[in-house]
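One structure is given below, encoded as structure tokens.
A short reminder: the numbers here are calculations on the coordinates, not readings from a lab. The shown structure was predicted, so the numbers you read here are calculated from the model rather than taken from an experiment. Glycine gets a Cβ as well: all are built from the backbone with ideal geometry, and neighbour counts include every protein chain shown.
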Amino acid sequence: MHGWMMSITLFLSQNDLSVRLDYNQPWNSPHNAQVYAVSIPAFQIQEMDLGRTRNGYGITIYMGNPNLLHRNQTVRIREISKGTSHTWLAGEAAGNYQPWGYPFNWRSLGTKLCDGPNSFGQPAWGGGHLLRADGNVTFISDQASPRILQTLAKAPPVATPDQTAVPDRRFTIGSYSWKHIELQSDPQDKQQYMVRVLRSPAGRPLKIFFYATKRFTPEELEYPKLNIAVLRFKTHIGPQTEIASTLKDTTLAKETTPAQFQASVKLLQKIQQQLPRRETSH
């Protein structure tokens with residue numbers, strides 16, 4: 001349900017993401033939207049802002065070796081029989097970028113770099129970088145012999161077509177953004193409530209997710225690394241959602257005053273009126 005890139009966030013500056021992730025829910029569940037919405041600089045090229053997908057997911061420019069990183073499989077070092085220095089692990093995609101949380105972030109190396117959006121490399125560079133399994137990075141020209149790429153692509157272990165099959169899917173990418181709005185509640189309560197609103201490049205609301213999270217004490221806030229704010233998904237508010245009755249079924253109704261509750265309802269109704277009749281996909 002989750003891709004290989006989530007596994008390596010533990011070794012990046014985003015190591016709190018795995019704590020916030022609900023592994024019992026699919027990657028594209030509303031429960032995990034606040035995790036996979038994060039744009040991770042290490043998964044992109046510096047000064048190249050890819051934006052997000054139309055569903056608000058952060059993007060990666062990197063794709064993996066399907067023989068090593070396909071789903072539901074673990075490849076051990078001893079299985080890389082040609083040696084880690086002769087086996088590629090990942091590289092920069094030329095196009096058709098995907099969310100970094102997508103479980104199918106791999107593609108065939110092909111026989112030429114910069115050969116269309118489904119290949120590897122960056123045309124402006126005249127080639128691309130490949131990360132080898134030993135951790136070294138090599139730049140390969142788009143004029144390199146096809147035999148070089150074929151040799152790398154065929155380095156064992158070689159997965160089966162069923163293991164490396166991917167859905168036929170393309171993601172719409174643009175300047176989509178999330179807006180975080182806190183709802184009124186008692187500052188002394190143990191929980192605080194908020195909504196995250198996905199906005200289109202033109203600023204129009206596209207999705208509304210309602211969350212609750214623990215309210216930290218001033219003492220706890222002194223140690224932010226030990227007190228990670230985990231947003232607990234409560235409900236999704238669509239264009240036809242009856243907001244007042246939906247919120248009454250949550251703890252918000254019990255932990256806020258009637259005036260605070262009504263203020264939250266009115267705020268969400270105002271945003272809801274701007275939602276498209278049909279919500280976005282991909």
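Summarise the long-distance tail of P(r) for the range 4-164 by giving the % of C-alpha pairs beyond 27 Å.
Details: 3173 of 12880 pairs.
When all Cα pairs of the range 4-164 are counted, 25 percent exceed 27 Å.
Relative contact order, whole percent, for the chain stands at 16, derived from Cα pairs under 8 Å and 6 or more residues apart.
For THR235, the residues whose amide H sits under 5 Å from its own are PHE210, ignoring neighbours fewer than 5 places away on the same chain, with H placed 1.01 Å from N.
Using 0.36 nm per residue, how much length does the chain from ASP249 to GLN25 gain when fully extended, once their Cα-Cα distance is taken away?
Numbers: separation 224, 0.36 × 224 = 80.64 nm, distance 2.16 nm.
Using 0.36 nm per residue and subtracting the Cα-Cα distance, I get 78.5 nm.
Sequence-ordered 3J(HN,Hα) estimates for the range 40-45 from the Karplus curve with 6.51, -1.76 and 1.60 and θ = phi - 60° stand at 9, x, 5, 9, 10, 8 Hz, glycine and proline given as x.
With neighbour counts taken as other beta-carbon atoms within 10 Å, the residues HIS70, HIS180, HIS86 rank, fewest first, as HIS180, HIS86, HIS70.
Mean residue ellipticity at 222 nm, helices only, the chain: -4500 deg cm²/dmol; runs of at least 4 DSSP H residues each add -39,500 (n - 2.57), and the sum is divided by the number of residues. Amide H contacts of GLN98: THR60, each under 5 Å away and 5 or more positions distant or on a separate chain (H built 1.01 Å from N in the peptide plane; Pro and chain starts excluded).
Could you give the length gained on full extension between THR151 and VAL230, defined as 0.36 nm per residue of separation minus the Cα-Cα distance, in nm?
23.9 nm
Can you order the peptides 133-140, 265-272 by their average number of other Cβ atoms within 10 Å per residue, highest first? Numbers along the way, then the final one.
Working: 133-140: 13.8, 265-272: 15.2.
Put in order of decreasing packing, that is 265-272, 133-140.
Computed over the alpha carbons of the chain, Rg followed by Dmax gives 22.1, 71 Å.
Using the Cβ-Cβ distance between ALA144 and THR84 with R0 = 30 Å, the FRET efficiency computed as 1/(1 + (r/R0)^6) comes to roughly 0.90.
Tell me, what is the FRET efficiency for ALA202 and LEU10 to the nearest 0.05, using R0 = 30 angstrom and their Cβ-Cβ distance as r?
Details: r = 37 Å, r/R0 = 1.22.
Efficiency, from the Cβ-Cβ distance: 0.25.
The distance linking the range 153-197 with the range 75-130 is 22 Å (Cα centroid to Cα centroid, whole angstrom). If R0 is taken as 30 Å, the Cβ-Cβ distance between GLN274 and ARG215 corresponds to a FRET efficiency of 0.55. The gain in end-to-end length when the THR172 to THR160 segment is fully stretched comes to 1.4 nm, 0.36 nm per residue minus the alpha carbon separation. Which of rounded, prolate, oblate describes the range 177-272, given a ≥ b ≥ c as roots of the alpha-carbon gyration tensor eigenvalues and a/c under 1.5 marking rounded, otherwise prolate only if a/b is larger than b/c? Oblate is the answer for the range 177-272, as a/c is 1.5 or above yet b/c matches or exceeds a/b.
About its Cα centre, how strong a charge dipole does the chain have in debye, to the nearest 20, once Lys and Arg get +1 and Asp and Glu get -1 at the Cβ? Don't skip to the answer; put the middle values down first.
Working: 31 positive and 21 negative charges, 119 e Å.
About 580 debye.
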